[in-house]
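Visitor: Have a look at this one before I ask anything.
The values are calculated or read from the model by the stated rules, or taken from the named source; none is laboratory data. Quantities reported herein were computed from a predicted structural model and do not represent experimental measurements. Cβ placement follows ideal geometry from the backbone for every residue including glycine, while neighbour counts extend to all protein chains displayed.
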């Protein structure tokens, strides 16, 4: 089966928002064994959308659209598909009733414009939207299918995973697809590619490489007649890749660094405190995104560099010898915050996120990690914007903490 994605919205063409929907769908279609051949973007213009649908119809079996299902005049996806199919639009009164019940639950009156979202045509089956008022459309005709989903990513992704992907699997995919993602950190995309080149060239399982905020991901996907055979192919490749990349692989699939750390700290009855300078508290924020983080996360603070001497005992001689953004200073911060809060681990994170630092270039970070066995320091330089450097600083600190936790808890 050949698929095509059409992203709809003038705001996409103007660069006002990034098209994350197309990227998400492009990552999901291979898991169903469906080949994606084209991605198009079209503005809120019905005639141009009809032309785009016509091109897609000539070259693809499955056409997936996102956006244009809202209640306003510029939401034209339903009208364009109806005109393309030469079918009349009617209003599904049961959908109108559902909309009214939803608005009533929020103590709101439903605007008349929302009735437009209850539009249907004869060839359409409605796809329920539990997170909004824009139902999706599944329209089949002449051995083609057009699947229209809403633009908000949260709504679209839930509709895809709950309804669309399973239905595509059932109707069009006759092989079992199994996939596993290995997540690495501290190696460049090029280096990961070099080390795993033989797997990137393989046909079954296939291996894709992706740069993500938390490192370089490798997605291994196999196709077979049974789930067990597909899983066996994937796991064999995963074991072999683990043998090549070793500890650079920190997790897999839906795992996060903060989640792994939370689990390690909790099951070993340990806790944590962090102190940050120059990163605005992003490390503490990432850790506290974990549910029930209060069980293991005891303290987090944001330090002004000017307070390092007063609050952390870092004297001028240390700064003169090593510099503010140094492993030595980060380790002092880590030890101080650990002692202050009486925790199992202390983490000190200090970074350069301003371009006018005379001693270090933008993107320089230092990490200190302290526990009852001693201190370890790390210094790294990351390219990118101010926000990207902050994110990479937090991920780097979590990565090093995870490695130390894994190593030391294995020994106990």
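Visitor: Applying the selection to region 143-163, what residues are out of contact with any strand residue (DSSP E or B) (no Cβ under 6 Å at 6 or more places or on another chain) and closer than 19 Å to residue 132 by Cα?
Guide: Listed by number, the residues that qualify are 150, 152, 153, 154, 155, 157, 158, 160, 161, 162.
Visitor: Return the residues of region 86-114 that are touching a helix residue (DSSP H, G or I) at 6+ places or on another chain (Cβ under 6 Å), surrounded by 14 or more Cβ atoms within 10 Å (Cβ to Cβ) and outside any loop (DSSP other than H, G, I, E, B); say none if nothing qualifies.
Guide: Within region 86-114, 95, 96, 99, 114 qualify.
Visitor: Would you check if there is a residue in region 42-53 being in the same structural domain as residue 153 (by TED's automatic domain parsing), part of a strand (DSSP E or B), touching a helix residue (DSSP H, G or I) at 6+ places or on another chain (Cβ under 9 Å) and surrounded by 14 or more Cβ atoms within 10 Å (Cβ to Cβ)?
Guide: Yes, some residue in region 42-53 is in the same structural domain as residue 153 (by TED's automatic domain parsing), part of a strand (DSSP E or B), touching a helix residue (DSSP H, G or I) at 6+ places or on another chain (Cβ under 9 Å) and surrounded by 14 or more Cβ atoms within 10 Å (Cβ to Cβ).
Visitor: Quick check on this structure: which one of 339, 291, 277 is under 27 Å from residue 214 (Cα atoms) and either out of contact with any helix residue (DSSP H, G or I) (no Cβ under 7 Å at 6 or more places or on another chain) or not assigned by TED's automatic domain parsing to the domain that holds residue 366 (or both)?
Guide: Just a single option satisfies the conditions, and that option is 291.
Visitor: Can you tell me which of 321, 388 is under 29 Å from residue 249 (Cβ atoms) and outside the structural domain of residue 214 (by TED's automatic domain parsing)?
Guide: Result of the check over 321, 388: 388.
Visitor: Which of the following residues is over 32 Å from the mean Cα position of the chain (by Cα) and without any contact (Cβ under 8 Å) to a residue 12 or more places away in the chain: 104, 54?
Guide: Every option except 104 fails the conditions.
Every residue, every condition in (1) under 20 Å from the mean Cα position of the chain (by Cα); (2) in a helix (DSSP H, G or I); (3) at negative phi, yes or no:
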| site | (1), (2), (3) |
| --- | --- |
| 130 | no, no, yes |
| 138 | no, no, yes |
| 155 | yes, yes, yes |
| 168 | no, yes, yes |
| 180 | yes, no, yes |
| 193 | no, yes, yes |
| 204 | no, no, yes |
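Visitor: Given the structure, is residue 62 touching a strand residue (DSSP E or B) at 6+ places or on another chain (Cβ under 7 Å) and over 19 Å from residue 39 (Cα atoms)? Please lay out each step first, then the result.
Guide: Details: touching a strand residue (DSSP E or B) at 6+ places or on another chain (Cβ under 7 Å): yes; over 19 Å from residue 39 (Cα atoms): no.
Criteria not met by residue 62.
Visitor: Scan region 142-153 for residues that are part of a loop (DSSP other than H, G, I, E, B) and surrounded by 15 or more Cβ atoms within 10 Å (Cβ to Cβ) and jot them down.
Guide: 150, 151, 152, listed by residue number.
Visitor: Does region 23-30 contain at least one residue that is closer than 30 Å to residue 227 by Cα and at pLDDT 95 or above?
Guide: Yes: one or more hits.
Visitor: Answer with yes or no whether residue 152 is more than 18 Å from residue 246 (Cα to Cα) and at pLDDT below 90.
Guide: no
Visitor: Moving on to the next point. If I ask for residues that are at positive phi and either touching a residue at least 12 places away in the same chain (Cβ under 8 Å) or not assigned by TED's automatic domain parsing to the domain that holds residue 395 (or both), which ones from region 252-272 would you list?
Guide: Result: 253, single match.
Visitor: Follow-up question, since we're still on this one. Tell me, which residue of region 70-84 that is over 13 Å from residue 137 (Cα atoms) and surrounded by fewer than 19 Cβ atoms within 10 Å (Cβ to Cβ) is modelled with the highest pLDDT?
Guide: Only one residue tops the list, namely 83.
Visitor: Go through region 359-387 and report how many residues are out of contact with any strand residue (DSSP E or B) (no Cβ under 9 Å at 6 or more places or on another chain), without any contact (Cβ under 8 Å) to a residue 24 or more places away in the chain and not in a loop (DSSP other than H, G, I, E, B).
Guide: 2
Visitor: While we're here: Being outside the structural domain of residue 406 (by TED's automatic domain parsing), part of a strand (DSSP E or B) and within 13 Å of residue 182 (Cα to Cα) narrows it down to one residue among 245, 218; which is it?
Guide: 218
Visitor: For residue 361, are the conditions met, namely being loosely packed, with under 14 Cβ neighbours inside 10 Å, under 25 Å from residue 211 (Cβ atoms) and modelled with pLDDT under 95?
Guide: In short, yes.
Visitor: Let me ask something else about it. Give the residues of region 300-350 that are more than 24 Å from residue 362 (Cβ to Cβ), outside any helix (DSSP H, G or I) and in contact (Cβ under 8 Å) with a residue 60 or more places away in the chain, sorted by residue number.
Guide: 343, 344, 345, 346 - these are the residues of region 300-350 that are more than 24 Å from residue 362 (Cβ to Cβ), outside any helix (DSSP H, G or I) and in contact (Cβ under 8 Å) with a residue 60 or more places away in the chain.
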